[in-house]
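Encoded as structure tokens, the structure appears first; notes follow it.
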Amino acid sequence: MTLTELLQQNFMQHALLASLLVSVTCGVIGALVVVNRLTFMAGGIAHTAYGGVGLAFFLGAPVLPTAGAFTAGAAMLLGTLTLKKRERTDTLIGVIWAAGMAFGIIMINLTPGYNVGLMSYLFGSILTVPASDLWLMLGIDVVIVSLTLYFYRDILSFSFDPDFARSRGIPVQWLYFMILIMVAEAVVMMIQVVGLILVIALLTLPPYLAERHTKSLAGLMVASGIWSFVFCLGGLWVAYQFDLSSGASIIATACTLYLAVAGGQKLWNLISRQEKTAA
């Protein structure tokens, strides 16, 4: 099958649209996760989402809406516990992380029959995204982008100086919970693209690359979204060329490009320093 014929297939068109929609959210939320140092928290939320997936299978309910509601509740619980017990943050995240995974496994064990589609939520299957999920992704995009634009100044103050934001009367605690819920919905949105196991890589690698060349939070979000889309397109191409898992291919592409860019920049800086020393 030629590339032109491939692009005419519905499943590939859905995959490209899913890549674009996910990249928008990934750019915004990934930037907030990195700037606010919420990577471990996002990891806890991501793995807790497995409980929502298991519950959906057990109830025979739609997976993404069920997982979205479950994960949002878990994010609120995590936020409440970590605010009250800041010195135990890592422990509490680990406990909720494990509890969510265990709950999901138990729900799946109690579900009659063998759920073949379950693996797609663990490792991603962007080539099987249905049109209904694309509409749900679009809705999540609209909500996340709208909230971010409306509260941008407050989010900016909160992200870089929470004490200053609090002194200005900005509802810091409310913003914290809002960001966690947005992280939860972003994770649920991304599980069919790269899966719960690999979702954190797609959330963090784009902003890690983008922050090298941006000087504002808005610029970081835009650049992160672009990098995310590049990773998705590159991963889809690799998966098609070598008949590999799409989710793993996307993350492998992201890791390869990250190492290449980061390594190339370090090499360039080293050469520049040596030239200055020689001069």
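The values are calculated or read from the model by the stated rules, or taken from the named source; none is laboratory data. Predicted, not measured: the structure shown is a model, and the values here were computed from it. Using ideal geometry, Cβ is built from the backbone for each residue, glycine included, and neighbour counts are taken over all protein chains shown. For accessibility, only protein heavy atoms count, side chains too; no ligands or nucleic acids. Shrake-Rupley method; radii C 1.70, N 1.55, O 1.52, S 1.80 Å.
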task = Select from region 17-60 the residues that are more than 23 Å from residue 75 (Cβ to Cβ) and under 17 Å from the mean Cα position of the chain (by Cα) and write down the one among them that is least open to solvent (accessible area, probe 1.4 Å).
result = 19
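One line per residue, one yes/no per condition, for (1) small (Gly, Ala, Ser); (2) in a helix (DSSP H, G or I); (3) in contact (Cβ under 8 Å) with a residue 24 or more places away in the chain:
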{"site": "149", "(1), (2), (3)": "no, yes, no"}
{"site": "155", "(1), (2), (3)": "no, yes, yes"}
{"site": "165", "(1), (2), (3)": "yes, yes, no"}
{"site": "174", "(1), (2), (3)": "no, yes, no"}
{"site": "187", "(1), (2), (3)": "no, yes, yes"}
{"site": "193", "(1), (2), (3)": "no, no, yes"}
ask   = In region 100-119, what residues are buried (at least 16 other Cβ atoms within 10 Å of the Cβ) and modelled with pLDDT of 80 or more?
value = 100, 101, 103, 104, 107, 108, 111
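Here is a yes/no grid of residues against (1) among the small types (Gly, Ala, Ser); (2) loosely packed, with under 15 Cβ neighbours inside 10 Å:
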| residue | (1), (2) |
| --- | --- |
| 131 | yes, yes |
| 148 | no, no |
| 151 | no, no |
| 154 | no, no |
| 161 | no, yes |
message = Please verify whether residue 95 is modelled with pLDDT under 90 and part of a helix (DSSP H, G or I), treating the condition exactly as stated.
response = yes
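Return the total of residues in region 152-194 being among the small types (Gly, Ala, Ser) and closer than 30 Å to residue 246 by Cβ.
Applying the first criterion (among the small types (Gly, Ala, Ser)) to region 152-194 yields 157, 159, 165, 167, 169, 184, 186.
Filter once more, keeping what is closer than 30 Å to residue 246 by Cβ: 184, 186.
Count: 2.
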query = What is the one condition in (1) surrounded by 14 or more Cβ atoms within 10 Å (Cβ to Cβ); (2) closer than 30 Å to residue 128 by Cα; (3) out of contact with any Leu (no Cβ under 6 Å at 6 or more places or on another chain); (4) not basic (Lys, Arg) that residue 64 does not satisfy?
reply = (3)
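Tell me whether region 234-248 contains one or more residues that are among the acidic types (Asp, Glu), surrounded by fewer than 21 Cβ atoms within 10 Å (Cβ to Cβ) and either in contact (Cβ under 8 Å) with a residue 60 or more places away in the chain or part of a helix (DSSP H, G or I) (or both).
Within region 234-248, the first condition is being among the acidic types (Asp, Glu), and the residues that meet it are 243.
Restricting the remaining residues to those that are surrounded by fewer than 21 Cβ atoms within 10 Å (Cβ to Cβ) gives 243.
The next check asks that each one be either in contact (Cβ under 8 Å) with a residue 60 or more places away in the chain or part of a helix (DSSP H, G or I) (or both); those that pass are none.
The answer is no; no qualifying residue exists.
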message = Against the conditions (1) open to solvent by 10 Å² or more (accessible area, probe 1.4 Å); (2) free of Cβ contacts under 8 Å to residues at least 40 places away in the same chain; (3) farther than 19 Å from residue 37 by Cβ, where does residue 257 fall short? Just the number, please.
response = (2)
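Tell me the residue from 214, 204, 256 that is more than 15 Å from the chain's Cα centre (by Cα) and at pLDDT 90 or above, please. If you could, list the steps in order and put the result at the bottom.
Values: 214 fails: at pLDDT 90 or above; 204 fails: more than 15 Å from the chain's Cα centre (by Cα).
So the residue among 214, 204, 256 that is more than 15 Å from the chain's Cα centre (by Cα) and at pLDDT 90 or above is 256.
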message = Being under 12 Å from residue 28 (Cα atoms) and open to solvent by less than 20 Å² (accessible area, probe 1.4 Å) is true for just one of 196, 217, 175. Which residue is that?
response = 217
